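Inspection log for the structure reproduced underneath, given as structure tokens.
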Amino acid sequence: MRTIIRRIRLLLLGLWLGAAVFFGAAVAPAVFGVLRGTQLSNANELAGMIVQRSLAVVNRGGFEIALFLMVTGFFINRKERRIVQFTEMISLAIMAIMTGVSHWIISARMLALKAAMQAPIDQIAGSDPRRAAFDALHGYSVTAMGVAILAALVAFFVISSQPTSGFKEQVTTE
């Protein structure tokens with residue numbers, strides 16, 4: 001049972017890592033590129049709405065997966081060395097914090113700023129303090145996602161390097 005749980009944990013973490021990297025490297029740039037290419041006056045506004053909704057799924061999923069992995073890790077890693085347990089838990093906590101902050105704080109503030117602008121972001125001057133604040137928050141969002149991905153990678157390597165019991169032991173002992 002322990003082996004199955006470890007594999008499920010690794011699968012969930014790998015799925016989230018793949019989604020987060022794919023979102024950042026492919027989805028967001030593609031959406032902005034395609035919509036900007038249409039020469040629409042509100043291309044950035046439309047792209048931002050699509051990216052914001054997609055990012056919400058990635059962030060909430062990362063938060064929930066990190067919490068699940070922390071809880072299950074507490075129960076199945078009791079025999080692991082303390083440094084391994086500590087590294088895994090800290091990495092997962094960082095992932096949960098970064099995805100949570102990105103979703104519930106940074107994205108919420110970005111949405112509030114957009115609402116306060118009362119015009120599509122494309123029509124707000126770069127010198128406008130609200131636009132400058134929005135751009136700064138965007139930078140924080142990118143940084144939070146990058147930190148979450150790095151933390152998830154550390155957790156992935158820690159979890160995948162843990163010895164598993166099960167099939168290999170059964171084959172070698174028979």
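Among the candidates Leu10, Leu15, the residue that is open to solvent by 80 Å² or more (accessible area, probe 1.4 Å) and either within 22 Å of Ala136 (Cβ to Cβ) or part of a helix (DSSP H, G or I) (or both) is uniquely Leu15.
Go through the residues of region 32-50 one by one and say whether even a single one is part of a helix (DSSP H, G or I) and within 16 Å of the chain's Cα centre (by Cα).
Just the residues of region 32-50 that are part of a helix (DSSP H, G or I), to begin with: 32-37, 43-50.
Still in the running and within 16 Å of the chain's Cα centre (by Cα): none.
No, there is no match, as no residue in region 32-50 is part of a helix (DSSP H, G or I) and within 16 Å of the chain's Cα centre (by Cα).
If we scan region 152-159, do we find a residue that is in contact with a Leu (Cβ under 8 Å, 6 or more places away or on another chain) and without any contact (Cβ under 8 Å) to a residue 40 or more places away in the chain? Looking through region 152-159, none of the residues is in contact with a Leu (Cβ under 8 Å, 6 or more places away or on another chain) and without any contact (Cβ under 8 Å) to a residue 40 or more places away in the chain. The number of residues in region 134-155 being open to solvent by 40 Å² or more (accessible area, probe 1.4 Å), over 9 Å from the mean Cα position of the chain (by Cα) and of a type in the set (A, V, I, L, M, F, W, C) comes to 5. So, in region 38-83, exactly how many residues are surrounded by 15 or more Cβ atoms within 10 Å (Cβ to Cβ) and more than 30 Å from Lys114 (Cα to Cα)? Counting residues in region 38-83 that are surrounded by 15 or more Cβ atoms within 10 Å (Cβ to Cβ) and more than 30 Å from Lys114 (Cα to Cα) gives 9.
The values are calculated or read from the model by the stated rules, or taken from the named source; none is laboratory data. Everything numeric in this text was worked out from a predicted model, so none of it was measured. Heads up, the Cβs are rebuilt from the backbone with ideal geometry, glycines too, and the neighbour counts pull from every protein chain shown. Please note that ligands, DNA and RNA were not included when accessible areas were found on the heavy atoms of the full protein model with its side chains. Shrake-Rupley method; radii C 1.70, N 1.55, O 1.52, S 1.80 Å.
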